[in-house]
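Worksheet: the structure to be examined is printed underneath.
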Amino acid sequence: MKVVKTIQEAREIIAAWRKEGLSVGLVPTMGYLHEGHQSLIAKSVSQNDRTVVSVFVNPIQFGPNEDLEAYPRDLNRDMQLVEATGGDLIFNPEPSEMYPPHFTSFIDTTETTELLCGAVRPIHFRGVCTVVGKLFNIVRPDRAYFGQKDAQQLATIRRFVRDLNFGIEIVPCPIVREADGLAKSSRNTYLSPAERQAALILSKSLKLGKEAIENGEKDAKKVIEIIKANLATEPLARIDYVEVVDFENIQRVDTISGETLVAIAVYIGKTRLIDNFIIG
Ligand code: PAF
């Protein structure tokens, strides 16, 4: 397993693989890898001859008051996890390698980014799509792997890959949870022990919403009410949003039918956590 910092080094290694006729999978990450990332890497390793993992805390997807500086980083730990999971190459560029002076070109998306996180983090998806588009152009993978935990990100990346003809297969991977139900996230490390306990309210509230739908509830407003009412029982939780949207276009639905995403964002103390389920 190799770690490279420059686009040129990454391209040379990948070009040599391509000469041998090998297939390539890409797992884009911001590092501080956990079992969620590990499941993406393992999936890529099982489907491709070579797997590239990018580790890059992408500054342009963080708003001015967000946690860019505080975002956890530990490349040595990431290297061990990638190696143990069978990854072949870590691409770990500096921000200046990805964003040279006068960097002024972006991938901007509409529709799928209007609601949910897009509504409250205005520049976030432009930053995500731009860096993912750059990674696609640098690595030129056959397949790229994204977790369903960031469901709006997944829907948005699928859309720009289709709209802009990137010709890359986007492979969605299920949410990985702690034994008690909390969705794995690098940001879980921000939680104090009391907040960690309080954070269980996300998965518990979603479970109630899911059960209601499975028992025949089709009214999106009622499902939202059930989830909000349960979130309100946790004093450390502050709701950012609870939404029911169609998974393809990320637009609100009144009646639940077809592939539907039920997504929430909740502050536990100062930490903003997201979670969701997809039904249908
Ligand atoms: O999901 C993430 O970790 C990031 O948004 C991504 C896709 C690596 C882009 O920076």
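No lab work stands behind these numbers, since they all come straight from the coordinates. Quick caveat, the model's predicted, so the values are computed rather than measured. Cβ atoms come from the backbone with ideal geometry, glycine included; neighbour counts cover every protein chain shown.
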Of all residues in region 149-174 being within 11 Å of the ligand (Cβ to nearest atom) and polar (S, T, N, Q), the one that is nearest to the chain's Cα centre (by Cα): Q153
Please specify each residue of region 99-117 satisfying the condition of being surrounded by 16 or more Cβ atoms within 10 Å (Cβ to Cβ) and free of Cβ contacts under 8 Å to residues at least 60 places away in the same chain. Y99, I107, T109
Quickly run through region 179-200 and pick out the residues that are within 11 Å of D275 (Cβ to Cβ) and among the polar types (S, T, N, Q). S185
Can you pull out every residue in region 38-76 that is under 15 Å from the mean Cα position of the chain (by Cα), away from the ligand (no atom under 12 Å from the Cβ) and not hydrophobic (A, V, I, L, M, F, W, C)? Q38, S39
For residues that are more than 11 Å from the ligand (Cβ to nearest atom) and small (G, A, S), scanning just region 107-148, find the one that is nearest to R177 (Cα to Cα). G118
Candidates A232, A220, A265, A237, filtered to the one that is surrounded by fewer than 19 Cβ atoms within 10 Å (Cβ to Cβ), more than 27 Å from D163 (Cα to Cα) and small (G, A, S): A232
Condition set assigned to a strand (DSSP E or B) and touching a Ser or Thr at 6+ places or on another chain (Cβ under 9 Å), scope region 238-250, selection farthest from I268 (Cα to Cα): answer is D246
Tally the residues that are of a type in the set (V, I, T) and in contact (Cβ under 8 Å) with a residue 60 or more places away in the chain, restricting the search to region 216-273. 6
For region 105-128, which positions are in contact with a Ser or Thr (Cβ under 9 Å, 6 or more places away or on another chain) and within 17 Å of L68 (Cα to Cα)? H124, F125, R126, V128
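Among F166, F160, F146, which is the only one that is aromatic (F, W, Y) and either part of a helix (DSSP H, G or I) or over 26 Å from D108 (Cα atoms) (or both)? Explain how you work it out, then say what you get.
Details: F166 fails: either part of a helix (DSSP H, G or I) or over 26 Å from D108 (Cα atoms) (or both); F146 fails: either part of a helix (DSSP H, G or I) or over 26 Å from D108 (Cα atoms) (or both).
Within the list F166, F160, F146, the selection yields F160.
Name every residue in region 29-50 that is in a loop (DSSP other than H, G, I, E, B) and not small (G, A, S), in order of residue number. Show your work before the answer.
Keep residues of region 29-50 that are in a loop (DSSP other than H, G, I, E, B), which gives 30-34, 48-49.
Result: M30, Y32, L33, H34, N48, D49.
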For region 184-193, what are the residues that are within 13 Å of the ligand (Cβ to nearest atom) and not charged (D, E, K, R)? S185, S186
